[in-house]
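The values are calculated or read from the model by the stated rules, or taken from the named source; none is laboratory data. The model shown is predicted, which means the values in this text are computed figures rather than measured ones. Every residue, glycine among them, receives a Cβ derived from its backbone with ideal geometry; neighbour counts consider all protein chains shown. Please note that ligands, DNA and RNA were not included when accessible areas were found on the heavy atoms of the full protein model with its side chains. Shrake-Rupley method; radii C 1.70, N 1.55, O 1.52, S 1.80 Å.
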Amino acid sequence: MATKRLQVHRLIYILLLTLLAGSAVTSKFMMNLAWTLLFANWVVEWDMKRKFADFPRNGLLHFAILLFLLPLVGLIWCDNLTSGLGVVRQSLPLIAIPLVVLTSQPLTKNQWRIVAVGYIGTLTVVTVIGIIRWLTLPDLPYRKIVPYISHIRFSLNLVLAICIMFGAVLTQATRPHSGWRATAKTALCVLLTIWFLFFLVLIQSYTGLIILLATAIVAMLFGQKKIANRRLRLGLICTLLVATAALTATCACYVHEYYSPRLAHVDTSPTTLGGRPYTFANDGLLECGRMVNDYVCEEELRSQWQRVSRMPYDTVTPVGYPVGSALVRYLNAMGVTKDSAGVMCLRRDDIEAIEHGIANPIYRQKASLRHMVYVMLFEYENYRCFRNVRGFTMLQRIELWKAAWSVACDNWVHGVGTGDLLVSLDAKLQAHSSPLAGSKMYPHNQYLTLLASYGFIAFALLCAGAVWAFVRNRLWRNTLWMACITIVLVSCLTEDTIATGAGAIFSALFTSLTSKIAETNA
C-alpha cells in the first residue's frame, strides 16, 4: 500500500515538473500554481528521513538555503518592510523547488524525456504563436513577439532547449546502430535547433546569442572528453571555432559598413547647396558613414513629404518616432540628399516604412544580424553625441550599473537591505542628474543587485557557498548542468535573473533538475 502511494506521488511529481517547465514560458499563474503544488505534493508524500539522508553532502541544497536566507536576514535593516517582504515572496521558488528536486529520486531516462519533450514542445508552440503575431500584427515591437514572457527570459529557455537537443543528437551520433525512428528524432532536433536560432535573431536577443556562444564554449571545454570518437570531437571543436570566428568577422564587417560613407564628400557653403537653405547640426551623430543631421533642407522635406504621403510630417509614428526624424535618417542611410530630390528617390514601400517609424532601410530586415548590429551602433552614437540613454537598452544598463556600483560602495558592509534597493538607486541617479532618475528600474545586473542589497561580505559568503556546492557535488562532470549554470550566470550580467518570477523558477528548476540527471539521460 505504501509503495503504491509513493508511486502515485512520483507520477504527480513528474507531471508537475512537466507542467512547471512548460508554464514557465506561457503563464505566470500556472507557473506559480505548479511550483506550489509541487511543494505540496512533496510535503504530503513525507518520508523526510529518506529525503534528507544525503543532506550533509548535498552542496547545491546548502547553496539554495543560503541564497534564500540572504533576503530574510536583509529584512532586519531595511526601511521599506512591505517591499522587502515582496522580495522574500519572490524568492520562495529559489528554496521550494531545489528542496523538492534535490531531495527526490533522480529522474530516469524516460521520465526526463517526458519533461524535456513537454518543455521543448511548449517552446515550439510559443515560437509559432510568436511568428503568427509577427506576420499578422502591424508595428509589433520585437519585445512583444512573445506574448507571455519577457523576450530575454524566453531567449534563456531557447538556449537551454538547444543545449538539450544538441546533447540528444550527440548521444545518438555516438551509438553504433540507429533505426529510422532515431534518425527521425535526430532530424527533428536539428530542425528545431535551426528554428530556435532563427527566433533568437527575430526577437533581437543579443543576450541569448551571446549566452549561446558562451554555453557552447563551456560545454565543449567540460564535455569533450566524454566524446569517445576523436573525429567527432575534433569536428565539433573546429565547428565551434569556425562559427565563433565567422560571427566575429561578420559583426566586424557590419561595424565597418556602418561607418563607411555612402556618398563622397560634397564641398558646400555653410548655409546653402545649389541655392537651397540647408541646416547643419554639427552634433557628430553618425549613421551609415554620414552625419545624420547635416545637409538637411527641412523646408523641402516637409513640402515634398506631403505630396507623397497622407501622414503629416510632424506626426509621431506607432513606434514613438517622429515622421520627420525617421525621414531624415532614412534618406541619410540611403545615401541621397535630404531634400525634395531625396524624397523623390523613395519608393512606395520606403514611404510606408517611414510612416511606420522605420528610420533605416536596414531595419526592414527583421530577422537579421545586420539589423541588430546597426541598432546597437546607433544607440552608441546617441550616447556619444547626446549622452542619451532613454530607450536604448544596453546604454541604460551601463547607466544603471554605475549607479548600483556606487550604492554598493557606499553600503559595502551590509548593503541597503532587502527591499530598499530601488529607493537607493533612484536617489543615486537623481544625485548624478541621470535621465533615468525616477524610472524605478533595477540595476539589470544580478551581481550588482546582490552587492548593493546585502554588501560585499554577504556576497563573498554566497560565492564561497557556490564554490562549495560545485566542488562537493563534482558538478563539472555533468555537461548539461554546466550548460545550464552558464546560461544563468551569464544572463545575470545583464539581467536581474533571479529577482523575477520567471527567471527565479528557470534558475531553480533547471539547475536543480539537471544536477540530478545522469549523463546518459542528457
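Structure notes:
- Residue-level check: of (1) closer than 30 Å to Ile358 by Cβ; (2) open to solvent by 70 Å² or more (accessible area, probe 1.4 Å); (3) touching a residue at least 12 places away in the same chain (Cβ under 8 Å), Gln105 misses just (1).
- Looking across region 363-379 at every residue that is buried (at least 16 other Cβ atoms within 10 Å of the Cβ) and without any contact (Cβ under 8 Å) to a residue 40 or more places away in the chain, the one that is farthest from the chain's Cα centre (by Cα) is identified as Tyr363.
- Number of residues in region 437-480 that are surrounded by 15 or more Cβ atoms within 10 Å (Cβ to Cβ) and on the phi > 0 side of the Ramachandran plot: the value is 2.
- Candidate set: region 406-436, residues that are of a type in the set (A, V, I, L, M, F, W, C) and surrounded by fewer than 17 Cβ atoms within 10 Å (Cβ to Cβ); chosen: the one nearest to Ile498 (Cα to Cα): Leu422
- Cβ-Cβ under 7 Å pairs, at least 6 apart or on other chains, region 135-160 side over 20 Å from Thr122 (Cα atoms), far side open to solvent by 20 Å² or more (accessible area, probe 1.4 Å) and not in a loop (DSSP other than H, G, I, E, B): Leu140/Arg133; Leu140/Trp134
- Among the residues of region 325-342, those that are over 32 Å from the mean Cα position of the chain (by Cα) and either open to solvent by 30 Å² or more (accessible area, probe 1.4 Å) or at pLDDT below 90 (or both) comprise Gly335, Val336, Thr337, Lys338, Asp339, Ser340, Ala341, Gly342.
- Of everything listed in (1) touching a residue at least 40 places away in the same chain (Cβ under 8 Å); (2) part of a helix (DSSP H, G or I), the single unmet condition for Leu436 is (2).
- Of all residues in region 294-319, those that are without any contact (Cβ under 8 Å) to a residue 60 or more places away in the chain, of a type outside the set (A, V, I, L, M, F, W, C), within 15 Å of Ala359 (Cα to Cα) and open to solvent by 50 Å² or more (accessible area, probe 1.4 Å) total 1.
- First in region 198-220 and outside any helix (DSSP H, G or I), second anywhere and aromatic (Phe, Trp, Tyr) and crowded, with 22+ Cβ neighbours inside 10 Å, Cβ under 9 Å, 6 or more apart: Ile203/Phe154; Ser205/Phe154; Ser205/Phe199
- Odd one out for Leu191, checked against (1) surrounded by fewer than 15 Cβ atoms within 10 Å (Cβ to Cβ); (2) modelled with pLDDT under 90; (3) over 23 Å from Leu509 (Cβ atoms): (2)
- Checklist (1) modelled with pLDDT under 90; (2) surrounded by 13 or more Cβ atoms within 10 Å (Cβ to Cβ); (3) of a type in the set (Ser, Thr, Tyr) applied to Thr215, failing item: (1)
- Residue check, Ile164 in a helix (DSSP H, G or I), among the β-branched types (Val, Ile, Thr) and open to solvent by less than 70 Å² (accessible area, probe 1.4 Å): yes
- Hits in region 27-52 (condition: among the basic types (Lys, Arg) and open to solvent by less than 70 Å² (accessible area, probe 1.4 Å)): Lys51
- Test: residue in region 101-108 that is in a helix (DSSP H, G or I) and either of a type in the set (Lys, Arg) or within 18 Å of Thr514 (Cβ to Cβ) (or both): yes
- Pick from region 24-61, criterion more than 13 Å from Leu99 (Cβ to Cβ) and of a type in the set (Phe, Trp, Tyr), ranking: modelled with the lowest pLDDT: Trp46
- Scan of region 380-405 for residues that are over 20 Å from Leu422 (Cβ atoms), more than 21 Å from the chain's Cα centre (by Cα) and either in contact (Cβ under 8 Å) with a residue 40 or more places away in the chain or loosely packed, with under 15 Cβ neighbours inside 10 Å (or both), ordered by number: Glu381, Asn382, Arg384, Cys385, Phe386, Arg387, Asn388
- A single entry from Trp180, Trp134 fulfils the requirement of being at pLDDT below 85 and either out of contact with any His (no Cβ under 7 Å at 6 or more places or on another chain) or at positive phi (or both): Trp180.
- Helices (runs of 4 or more DSSP H) wholly inside region 1-56 that include at least 3 residues being within 23 Å of the chain's Cα centre (by Cα): 2-23, 28-45
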